[in-house]
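Enquirer: Quick one: this structure, given as structure tokens, is what I'll be asking you about.
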Amino acid sequence: LLLLCYTEEAAVIVSGLKNTDVFVGESATFTCELSQPGVKNVQWWLDGSPLHNNFVTEISEQDGIIHTLTLNDVACHDSGTVTFRAGSLISSAKLLVKGISVRK
């Protein structure tokens, strides 16, 4: 019997968050890939405020490895730093929401 025991210390970030520019009203998606599942205390933040799953903020995970945050219908005030934290692992990226200039 082979027992595999994953520990948080062994997990690393394989692919971190990337800076993202979107226009007002669009969706912004951030993805972080971990080397293995089982990391506890996964949390997303925008400018220091914790984010929770709702109709504007979609938080999902695939196989416990790929963690995705989608911010829907973004506004200018959503610009800031998005942070993903899983245990002691942290990845951050900038979100820039650009206004649409109307030409007459």
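Enquirer: Per the 1.4 Å probe, what fraction of the accessible area of the chain, in percent, lies on carbon and sulfur atoms?
Expert: Its accessible area is 54 percent carbon and sulfur atoms.
Enquirer: Per residue, how many Å² of accessible area does the chain show with a 1.4 Å probe?
Expert: Accessible area per residue, the chain: 65 Å².
Enquirer: Further question: State, as an integer percentage, the relative contact order of the stretch 13-98 based on alpha-carbon contacts under 8 Å between residues 6 or more apart.
Expert: For the stretch 13-98, the relative contact order is 39 percent.
Enquirer: Apply the Karplus curve 6.51 cos²θ - 1.76 cosθ + 1.60, θ = phi - 60°, to the phi angles in the stretch 55-66 and return the couplings in whole Hz, x for Gly and Pro.
Expert: Values, residue by residue: 6, 9, 10, 9, 10, 9, 9, 10, 6, x, 10, 9 Hz.
The values are calculated or read from the model by the stated rules, or taken from the named source; none is laboratory data. Quick caveat, the model's predicted, so the values are computed rather than measured. For the accessible areas, the whole protein counts, side chains as well, though only heavy atoms, and no ligand, DNA or RNA atoms are used. Shrake-Rupley method; radii C 1.70, N 1.55, O 1.52, S 1.80 Å.
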